[in-house]
1. Go through 314, 273 for me and flag whichever is within 19 Å of residue 431 (Cα to Cα) and touching a strand residue (DSSP E or B) at 6+ places or on another chain (Cβ under 6 Å).
2. Any idea which of (1) touching a strand residue (DSSP E or B) at 6+ places or on another chain (Cβ under 8 Å); (2) free of Cβ contacts under 8 Å to residues at least 40 places away in the same chain is the one residue 149 doesn't satisfy?
3. From the list 301, 319, 307, which residue is touching a residue at least 40 places away in the same chain (Cβ under 8 Å) and touching a strand residue (DSSP E or B) at 6+ places or on another chain (Cβ under 6 Å)?
4. Would you check if residue 390 is within 22 Å of residue 261 (Cβ to Cβ) and free of Cβ contacts under 8 Å to residues at least 60 places away in the same chain?
5. Hey, among 257, 303, 261, which residue is buried (at least 17 other Cβ atoms within 10 Å of the Cβ) and either in the same structural domain as residue 144 (by TED's automatic domain parsing) or assigned to a loop (DSSP other than H, G, I, E, B) (or both)?
6. Check every one of the helices (runs of 4 or more DSSP H) wholly within the range 391-493 and list those with 1 or more residues that are touching a strand residue (DSSP E or B) at 6+ places or on another chain (Cβ under 6 Å) and either surrounded by 14 or more Cβ atoms within 10 Å (Cβ to Cβ) or modelled with pLDDT of 95 or more (or both).
7. Taking the range 199-232 as the region of interest, how many residues are under 15 Å from the mean Cα position of the chain (by Cα) and farther than 21 Å from residue 188 by Cβ?
8. Examine the range 253-262 for a residue that is under 30 Å from residue 190 (Cα atoms) and out of contact with any helix residue (DSSP H, G or I) (no Cβ under 7 Å at 6 or more places or on another chain), and state whether such a residue exists.
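The values are calculated or read from the model by the stated rules, or taken from the named source; none is laboratory data. From a predicted model like this one, the values you see are computed outputs, not experimental measurements. For neighbour counting, all protein chains shown are included, and Cβ atoms are generated from backbone atoms with ideal geometry for every residue, glycine included.
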């Protein structure tokens with residue numbers, strides 16, 4: 001790949017200077033020739049490549065966003081404080097410190113590039129210079145923008161079914177001018193725009209497997225996630241069943257499940273972000289290393305491991321195939337081993353990544369078919385006219401991972417069973433917290449696992465979504481750059 005160096009100034013929302021290799025110099029929106037900076041399908045392709053790279057950064061799906069979803073959801077625990085990123089677990093957030101402002105900066109960095117791309121493609125189309133390839137890139141851009149806004153509004157806004165009139169995040173759909181100071185839209189307005197983008201992008205996308213990129217099925221998968229958060233179970237089921245029934249992807253059989261983590265772009269992978277050894281490889285700062293046993297290899301610091309509650313859930317069946325991807329953690333002793341270390345993101349126990357090289361060069365599986373089956377199960381159970389048989393059948397396709405468990409039936413299937421299965425299947429993939437919030441369920445933290453046990457002053461042992469720190473504060477850097485948004489700070493901060 002030809003190498004580029006980027007200096008991208010984001011004006012108004014995030015004052016950010018960014019540089020990295022293998023990317024494109026995207027000019028600020030107020031530069032004289034920004035309207036002609038993207039003039040061909042190849043230009044659009046380079047922008048899309050760069051967006052995927054940025055989404056795989058440590059500030060987003062490459063590490064922190066996935067850690068956020070499991071650490072705060074009760075499936076992860078910490079053994080010792082002071083190793084770094086404790087604030088995710090302890091909720092030590094304030095407007096000025098521990099605010100994880102890199103989420104805001106990185107996501108809007110991507111959005112503003114996508115806005116420029118979408119606008120430039122529209123200009124080319126209006127001038128009669130469109131093409132099928134440009135339409136494909138436009139569909140990818142709309143879908144990526146929808147996914148990023150979905151992630152932003154969950155980080156900074158209340159759950160949709162809790163208070164959709166509350167503040168969400170600024171909706172920026174055009175390149176910004178230097179004088180712009182956009183304010184927060186409501187949670188409802190952000191979700192409506194997410195749906196609009198997804199619906200507009202869907203018909204533009206190919207059904208071909210775009211390895212490392214978004215396609216038609218990835219768009220539908222995101223739709224199913226979004227509709228589930230909106231309690232629109234009929235729409236969530238329709239999107240999920242389209243993916244399942246089209247048969248473009250296949251669930252791993254139990255004999256293939258463990259090894260799937262040592263191979264990139266497997267049969268279940270609907271959207272996967274590439275992590276190559278010499279490109280965007282985070283080394284000992286990668287997600288995989290953060291989940292390794294303390295000192296298992298150089299750079300492994302024992303940051304996060306499974307909570308007792310998760311291991312109890314997985315322990316319902318000793319023959320559950322998902323034990324195969326777990327490893328001993330630092331608390332293990334002869335005769336009392338504790339398998340709390342997750343090996344998914346180092347390529348499994350051989351630790352050769354998913355390309356036979358560096359352990360940290362392991363792709364991020366953002367959307368897998370397993371999740372879609374579990375969404376279908378929940379949506380079938382909770383729609384206005386529940387289909388209990390369908391819910392049980394979809395659940396059982398994933399419950400087969402635990403052959404010792406009795407299959408669900410129309411009479412026994414429940415939301416708790418589906419959520420337990422989702423926790424077990426998608427452990428360390430960043431879902432648990434968002435499910436607990438949208439369901440309004442209590443989250444209990446494994447604080448007594450910390451040795452020595454310490455006081456955690458920033459939250460109780462058990463919280464629910466009424467706790468103000470379940471959403472992040474608008475970071476001080478953003479308020480300094482855009483003072484009016486300071487009047488819209490989240491309550492409690």
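1. Working: 314 fails: touching a strand residue (DSSP E or B) at 6+ places or on another chain (Cβ under 6 Å).
Only one candidate qualifies: 273.
2. (2)
3. On the way: 301 fails: touching a strand residue (DSSP E or B) at 6+ places or on another chain (Cβ under 6 Å); 319 fails: touching a strand residue (DSSP E or B) at 6+ places or on another chain (Cβ under 6 Å).
Of 301, 319, 307, the one residue that is touching a residue at least 40 places away in the same chain (Cβ under 8 Å) and touching a strand residue (DSSP E or B) at 6+ places or on another chain (Cβ under 6 Å) is 307.
4. Judged against the criteria, residue 390 is not a match.
5. 303
6. Passing ranges, in order: 432-439.
7. 6
8. No, because not a single residue in the range 253-262 is under 30 Å from residue 190 (Cα atoms) and out of contact with any helix residue (DSSP H, G or I) (no Cβ under 7 Å at 6 or more places or on another chain).
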